[in-house]
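Novice: Input: one structure, supplied below.
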Amino acid sequence: MHSVQPPTLIDGKLPVFVFPSSLNFFIDDQSTHKQVLTVYNPYDFTLKFKVLCTSPKKYMVVDSEGVIKSRCCIDIVIRHLEICGLSEGLRDKFRIHIYEHGKKKVIGKKDIIAMLLPTRDKNPPTDDNFEALPSSMREDTVQRTMTSRSGHSTSSSAPSLIVIIAAVTCILALMLPNYGDTETRLPDYMLLTQNQKLIAAYVLGLVTMVLLRT
């Protein structure tokens, strides 16, 4: 068997898996004044993380630095401290720095946009020049969509079987040995490469959020 080469740890470009990719706080919804960032470590080595911010006085971060064991994840709680009109619409950034445990060199980073909005009914501003469609077109689209889905509607809010199967599959994939592991008795077709496990970890993060919101 050929041994798997470890990911490059010296170029600062190690993929960092964080969910969600942005944080929206709403003045009129107190439940959103505290948000959770989940950082995943799908690698075979322990990582150290550190959270930086462009406006550190506006936020309280619980455990702004720490350690993530191999194939584990950690939740970082972020609370907005300036829920007022003066902070409305301003874009702040959180940056997640990743280090190899026991070393000081940054091997990966990820930026997360944070915004304070007045209400959930107002979408965050973007740099794209999108315009609203004529109202008659929007109404016609909604009517056709509702009609096409009326026969498939369900009153159950339980997660779909496909979502559950996807979550279980990703978990099993992360538990399998790496390709090239000489200590396993499993056949080669059941061993996964590092890239395949990264994809499984990312999909598991998305599926987890779907299950939590169901």
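The values are calculated or read from the model by the stated rules, or taken from the named source; none is laboratory data. Quick caveat: nothing in here was measured; it's all calculated off a predicted structure. Glycine gets a Cβ as well: all are built from the backbone with ideal geometry, and neighbour counts include every protein chain shown. Ligands, DNA and RNA are excluded from the accessible area calculation, which covers all protein heavy atoms including side chains. Shrake-Rupley method; radii C 1.70, N 1.55, O 1.52, S 1.80 Å.
Novice: Give the range 83-97 a look and list any residue that's open to solvent by less than 60 Å² (accessible area, probe 1.4 Å) and in a strand (DSSP E or B), or say none.
Specialist: Once the filter is applied, which keeps residues that are open to solvent by less than 60 Å² (accessible area, probe 1.4 Å) and in a strand (DSSP E or B), the range 83-97 yields D92, F94, I96, H97.
Novice: So for the range 8-18 (the condition being at pLDDT 90 or above, in a strand (DSSP E or B) and either in contact with a strand residue (DSSP E or B) (Cβ under 8 Å, 6 or more places away or on another chain) or open to solvent by 40 Å² or more (accessible area, probe 1.4 Å) (or both)), does at least one residue qualify?
Specialist: yes
Novice: Could you count how many residues in the range 32-76 are open to solvent by less than 20 Å² (accessible area, probe 1.4 Å) and of a type in the set (F, W, Y)?
Specialist: 3
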